[in-house]
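The values are calculated or read from the model by the stated rules, or taken from the named source; none is laboratory data. Bear in mind that the values here come from a model prediction, so they are computed numbers and not experimental data. A quick note on method: Cβ atoms are made from the backbone with ideal geometry, for glycine too, and the neighbour counts reach across all protein chains shown.
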Amino acid sequence: MITAFVVFTVAAVGTYLIRLSGVFLLGGDRELPPRVRKALSLVAPAAMGAIVANSLLLDEGQWREFGAWHLAAIVAVGVALWKRSMGWTLSAGAVAFAALLLAGV
């Protein structure tokens, strides 16, 4: 019987090998084309946007009612426009969300 430890270990090693393959294939003195560099620079913001949109709109597959999630997102957007910093934005959103939950919203 395969244990969870074996499954996680194999997954971790596989993920690490996939990351190393990119270093070996694209490493050295190779230069990525500008369009590829631009596309890669947009992957992280797109992933973050997908995670945030899913969290704001859905709750276990059902539409989420307006509440603490949305108010905290508004705070985070305000901080993002003001500070232009991912760290400040995430921190402000998390603090706002926690405060709203503690307030019973």
**OP:** Look through Trp63, Trp69 and report the one residue that is surrounded by 10 or more Cβ atoms within 10 Å (Cβ to Cβ), aromatic (Phe, Trp, Tyr) and closer than 24 Å to Ala94 by Cβ.
**Re:** Trp69
**OP:** Scan segment 61-83 for residues that are over 21 Å from Ala50 (Cβ atoms) and of a type in the set (Lys, Arg) and jot them down.
**Re:** Lys83
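For segment 59-105, which residues satisfy the criterion of being aromatic (Phe, Trp, Tyr) and outside any helix (DSSP H, G or I)? Write out each step before concluding.
As a first pass, look at segment 59-105 and keep what is aromatic (Phe, Trp, Tyr): 63, 66, 69, 82, 88, 97.
Result: Trp63, Phe66.
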Original post:
Out of segment 80-105, which residues are in contact (Cβ under 8 Å) with a residue 24 or more places away in the chain and crowded, with 16+ Cβ neighbours inside 10 Å?
Top reply: Ala96, Phe97, Leu100
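Could you list, in sequence order, all residues of segment 15-39 that are at pLDDT 85 or above and surrounded by 10 or more Cβ atoms within 10 Å (Cβ to Cβ)? Before the answer, list the steps.
Filtering segment 15-39 down to residues at pLDDT 85 or above leaves 15-18, 33-39.
Selection gives Thr15, Tyr16, Val36, Arg37, Lys38, Ala39.
So that you can scan it fast, the table gives a plain yes or no per residue for (1) in a helix (DSSP H, G or I); (2) touching a residue at least 40 places away in the same chain (Cβ under 8 Å); (3) small (Gly, Ala, Ser):
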site	(1), (2), (3)
Phe8	yes, no, no
Gly14	yes, no, yes
Phe24	yes, no, no
Arg30	no, no, no
Val36	yes, no, no
Ala39	yes, no, yes
Pro45	yes, no, no
Ile51	yes, no, no
Ser55	yes, no, yes
